[in-house]
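Comments concern the structure below.
The values are calculated or read from the model by the stated rules, or taken from the named source; none is laboratory data. Predicted model only: the values in this text are computed from it and were never measured. Here Cβ is always computed from backbone atoms with ideal geometry, including for glycine, and neighbour counts include all displayed protein chains.
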Amino acid sequence: MQRSGPEVAPPSRAATLVSDRSGSLSRSRRSSSNRRRPPVRRSRLRDVATALIAAALIAGGAVAMFRRTSPPIPVLPALASLGPLAPEIEDLVRQARESVAQNPRDGLRWGRFGMVCEANGLAGAARDGYTAATTIQASEAKWWFHLAVVEARLGAIDNAERDMRRAIELNPTYAPAHWRLGLWLLDQNQTEGAERAFGRATEIDASDRAGWVGLARVYLQRNEAARAAGLLEQLIASGAGEPYTLQLLGTAYRRLGRADEAAAALESGARGEARWSDPWTDEMLGFRRGYAALLRDATSYIVAGQFPAAIRILEELRREKPNDVVLMAHLGQVYVAAGRDADGVPLLEQVIAVEPDRFEAYVDLATGYMHQNSLAKARATVERAVSLNPSYAPAHETLGLIRWRAGDPLAAIPAFDKAIELDPRNARASVWQAMVYTNLDRGSDALAAFRRAARTDPTSVDAWIGIANAEMNRHDLDAAAEALKNAQRFQPDRPAVKQTAERLQSLRPVPGAGRNRPNQ
């Protein structure tokens with residue numbers, strides 16, 4: 001191996017310096033017998049120096065090579081280049097930016113910077129942050145996922161597909177990566193690829209409705225309306241229905257010529273938007289700041305029935321604004337809806353103490369009292385809500401429930417009537433009223449109310465079960481069977497559906513049972 005440093009000559013028979021008696025220096029050649037041994041200490045020092053020089057040169061070459069092969073450090077965007085920001089957003093972005101500046105080769109810090117920017121609408125800066133994170137921490141699927149989502153939002157769909165496939169390669173078991181890829185492919189009419197992506201999402205997590213809804217969209221795009229309707233009905237039957245599912249079901253019904261059912265499903269589905277499970281996106285949204293944006297997110301979760309997610313956001317906001325009455329009212333409402341009456345009731349009591357005219361809070365508080373079986377307090381509270389706003393339909397519906405539970409069904413009927421008059425789309429109030437009629441042995445009125453509920457919401461299994469039982473009471477077994485079939489389409493395994501089927505079977509004549517037996 002060639003040395004990297006200068007050659008050092010070994011000791012030889014070269015002339016050496018010797019001293020004569022007079023003290024002058026003269027050169028002479030020593031004989032081999034009298035030659036002095038080379039200085040061992042100096043030789044070793046020269047060898048050590050040579051080794052150190054060589055090591056330094058090798059290390060220098062390694063550093064140079066590292067500098068040539070390692071990715072360049074991305075440039076942080078200036079805070080002023082991001083435009084005007086709300087104070088709380090600006091503070092969060094500044095903190096994330098300073099964290100990256102402390103260690104610009106830390107992929108996790110770049111990823112956090114990207115999430116902060118994405119959560120607050122800074123898509124360009126988010127893309128740059130995620131690009132840096134994937135450059136430094138290339139094996140982390142989450143950064144490729146976020147980068148793909150932002151690229152799709154910015155219109156770079158080819159890059160988005162490429163990077164989402166990279167995320168899937170790194171983490172093939174993360175279902176949201178598959179169904180997001182499926183949505184992009186479907187938008188480009190690549191139905192086969194979309195179907196594979198959605199199907200894989202359902203294989204990974206069968207409880208996540210996003211993959212199933214995606215498959216239904218594929219079927220609709222292929223004009224397979226019957227197949228889409230069947231899948232969506234099963235999805236609703238499993239309890240995974242939400243407004244967006246109803247929108248798609250209404251579209252499928254309309255294409256099948258089922259106009260009345262289509263109109264009802266579309267009207268019911270118009271009240272909300274799709275909210276699907278995606279933990280990585282939820283983590284990113286945790287960096288969102290700004291009161292209005294977070295409150296809007298919480299409201300969307302409430303509409304979708306995702307109460308834990310809504311509670312998490314509202315509790316975070318309340319820590320920042322503990323005396324905000326709107327926040328207290330929303331949080332109290334969700335606590336009660338989620339069955340956390342012990343948390344919701346005291347909070348709602350504070351709300352009406354501060355703002356005694358907030359009629360919605362009275363309705364939520366009355367519901368909490370009813371859950372706690374404090375019926376006298378519940379009735380007085382909801383009657384206060386009705387007096388404050390006589391046109392608020394939920395107040396009348398809640399009044400009907402409280403009267404019914406308190407043992408006054410006749411007084412409950414007009415309260416439900418008023419709720420239905422004020423909000424004809426509320427199928428639930430019609431079902432409550434029909435149940436009251438059933439308990440009062442008013443079969444015709446019960447049947448009419450159940451039918452009205454089914455027209456309003458064709459996916460209401462309670463309505464179809466009620467129709468089936470009411471028709472059996474009238475001995476119209478064919479009509480009962482038709483209603484039961486509708487209930488079975490949505491929730492075939494529900495105990496009430498099975499009990500209704502057993503009752504219908506017991507009422508049908510046994511073949512041959514009525515014939516005269518031949519004489520023995």
Would the range 316-332 turn up any residue that is surrounded by fewer than 18 Cβ atoms within 10 Å (Cβ to Cβ), within 18 Å of the chain's Cα centre (by Cα) and assigned to a helix (DSSP H, G or I)? yes
Sole exception among (1) touching a residue at least 24 places away in the same chain (Cβ under 8 Å); (2) crowded, with 24+ Cβ neighbours inside 10 Å for Gln372, by number: (2)
Among residues of the range 270-300, those that are in a helix (DSSP H, G or I) and at pLDDT below 85, counted: 9
Taking the range 123-156, which residues are among the β-branched types (Val, Ile, Thr) and under 22 Å from the mean Cα position of the chain (by Cα)? Val149, Val150
Give me a count of the residues in the range 458-492 that are surrounded by fewer than 24 Cβ atoms within 10 Å (Cβ to Cβ) and either in contact with a Phe, Trp or Tyr (Cβ under 6 Å, 6 or more places away or on another chain) or in contact (Cβ under 8 Å) with a residue 40 or more places away in the chain (or both). 6
Could you list, in sequence order, all residues of the range 195-247 that are among the aromatic types (Phe, Trp, Tyr) and farther than 19 Å from Thr459 by Cα? Phe198, Tyr219
List the number of the failed condition for Asp357; all other conditions in (1) without any contact (Cβ under 8 Å) to a residue 12 or more places away in the chain; (2) surrounded by fewer than 16 Cβ atoms within 10 Å (Cβ to Cβ); (3) not β-branched (Val, Ile, Thr) hold. (1)
Residue pairs qualifying under the 7 Å Cβ cut-off, at least six apart or on distinct chains, with the first in the range 441-452 being within 14 Å of Ile413 (Cβ to Cβ) and without any contact (Cβ under 8 Å) to a residue 24 or more places away in the chain and the second being surrounded by 17 or more Cβ atoms within 10 Å (Cβ to Cβ) and of a type in the set (A, V, I, L, M), are Ala449/Ala434
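Restricting attention to the range 374-426, which residues are among the polar types (S, T, N, Q) and part of a loop (DSSP other than H, G, I, E, B)? If you could, list the steps in order and put the result at the bottom.
Looking only at the range 374-426, we keep the residues that are among the polar types (S, T, N, Q), and these are 374, 381, 387, 389, 391, 398, 426.
Within the range 374-426, Ser374, Asn389, Ser391, Asn426 qualify.
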State the number of residues belonging to the range 187-201 that are under 19 Å from Asp278 (Cβ atoms) and surrounded by fewer than 20 Cβ atoms within 10 Å (Cβ to Cβ). 3
Scan the range 190-204 residue by residue and report those that are within 18 Å of the chain's Cα centre (by Cα) and polar (S, T, N, Q). Thr202
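Restricting to the range 128-141, name every residue that is under 22 Å from Leu183 (Cα atoms) and either at pLDDT below 95 or in contact with a Gly (Cβ under 7 Å, 6 or more places away or on another chain) (or both). Lay out the reasoning, then the answer.
The first filter runs over the range 128-141 and keeps only residues under 22 Å from Leu183 (Cα atoms), leaving 130, 141.
Residue satisfying the conditions is Tyr130 alone.
For Ala342, are the conditions met, namely being surrounded by fewer than 21 Cβ atoms within 10 Å (Cβ to Cβ), within 29 Å of the chain's Cα centre (by Cα) and at pLDDT 95 or above? Even if it seems obvious, please write down each step before you answer.
On the way: surrounded by fewer than 21 Cβ atoms within 10 Å (Cβ to Cβ): yes; within 29 Å of the chain's Cα centre (by Cα): yes; at pLDDT 95 or above: yes.
The answer is yes for Ala342.
So which of Gly199, Gly107 ends up being among the small types (Gly, Ala, Ser) and outside the structural domain of Leu79 (by TED's automatic domain parsing)? Let's see the steps before the verdict.
Details: Gly107 fails: outside the structural domain of Leu79 (by TED's automatic domain parsing).
Exactly one of Gly199, Gly107 is among the small types (Gly, Ala, Ser) and outside the structural domain of Leu79 (by TED's automatic domain parsing), namely Gly199.
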